[in-house]
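Here the structure comes first, spelled out in structure tokens, and everything after it is commentary.
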Amino acid sequence: MFTKARKLVRDFKLSMKMKITLSLSAIAIILLTSSVISMLEYDRMSNYVSELIAGNINSINVAQRLANVSNAYNLEILTVIGDDSRNSLPDFNQKEFMAHCDSLRESLSARDMAHLADSVEYSYSAYMLTSLELPKVLKSDFVDTRAWYFDRLQPVYNHLRSDIDKLSTAIYRELENNSATFDRGFYRSIIPSAVAVSVGLLLVIMLLFFILAYYVNPIYRMLSGLRNYRTVGKIYSVTFDGDDQLSELNEGVGEIISENLQLRKRIKALRDNQKQ
């Protein structure tokens, strides 16, 4: 069984067309595979990082809204203190503020970012509790409203704004990191293409040497042998390694030239006999 298998392998010969086709097909498959891998990797990284960046931008907008709402509310309290005809707290949508804080906590990936969102909530709670003292302060004859605002409420508000700014800064930092990750992912996605192009170029060079060594050079040697035979009658003795159609062609040319030499000898012998 093994002897038969070895005989089949020995008898199996690749034609010139098959050799060149297989070589070019291997290069094409490598380049195509690497291109598909690069596109899939880039698409995966692009979608993943794009979602992160979109989340960061949304978080930045939410944090900015928190800062704007807090600043507007604080200015309204200051307006109430400056207007003696008003003695009630301005309206403030606490549910919307807390909903924004909750959405920030859910959208932030890093643990320290969630901690910053909690700090904003705690600072907001302290600020709101302090602002609830305003009606009593306005009705009191012993408390200076402006002193209460600048000495008690404003420091708590400054702490709230500081926490919101820290949260915004952390979100900006995460946005920068995600952008850098996108850049690294882009370069990582083109690595398979770069490797495939390098391998493809190497295979092209190897294929070029293969064609030159096994096809072009033998053809030039065959042409040189034919030229020597036609010009000076030199015996055709071109040989080279191979088992494809080019080798068969070389053997056929050698046989034809050998037969032609024998035919010439016979014709010459006949002419010599006729002269005698």
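Within the stretch 214-228, work out how many residues are charged (D, E, K, R) and over 55 Å from the mean Cα position of the chain (by Cα).
Going through the stretch 214-228 one residue at a time, the tally reaches 1.
For the stretch 55-162, give me every one of the helices (runs of 4 or more DSSP H) that falls completely inside it and has 2 or more residues that are assigned by TED's automatic domain parsing to the domain that holds Leu175 and at pLDDT below 80.
Here the list reads 94-107, 111-131, 134-139.
In this structure, does Leu201 turn out to be without any contact (Cβ under 8 Å) to a residue 40 or more places away in the chain and within 34 Å of the chain's Cα centre (by Cα)?
When the stated conditions are applied, Leu201 passes them.
Identify the single condition in (1) over 31 Å from the mean Cα position of the chain (by Cα); (2) at pLDDT below 75 that Ser46 does not satisfy, given that it satisfies every other one.
Condition not satisfied by Ser46: (1).
Please enumerate the residues belonging to the stretch 32-81 that are touching a residue at least 40 places away in the same chain (Cβ under 8 Å) and either of a type in the set (D, E, K, R) or in contact with a strand residue (DSSP E or B) (Cβ under 9 Å, 6 or more places away or on another chain) (or both).
Passing the criteria: only Glu41.
Among (1) in a helix (DSSP H, G or I); (2) modelled with pLDDT under 80, there is one condition Phe240 misses while meeting the rest; what is its number?
(1)
The values are calculated or read from the model by the stated rules, or taken from the named source; none is laboratory data. Since this is a predicted model, take the numbers as computed values, not measurements. Heads up, the Cβs are rebuilt from the backbone with ideal geometry, glycines too, and the neighbour counts pull from every protein chain shown.
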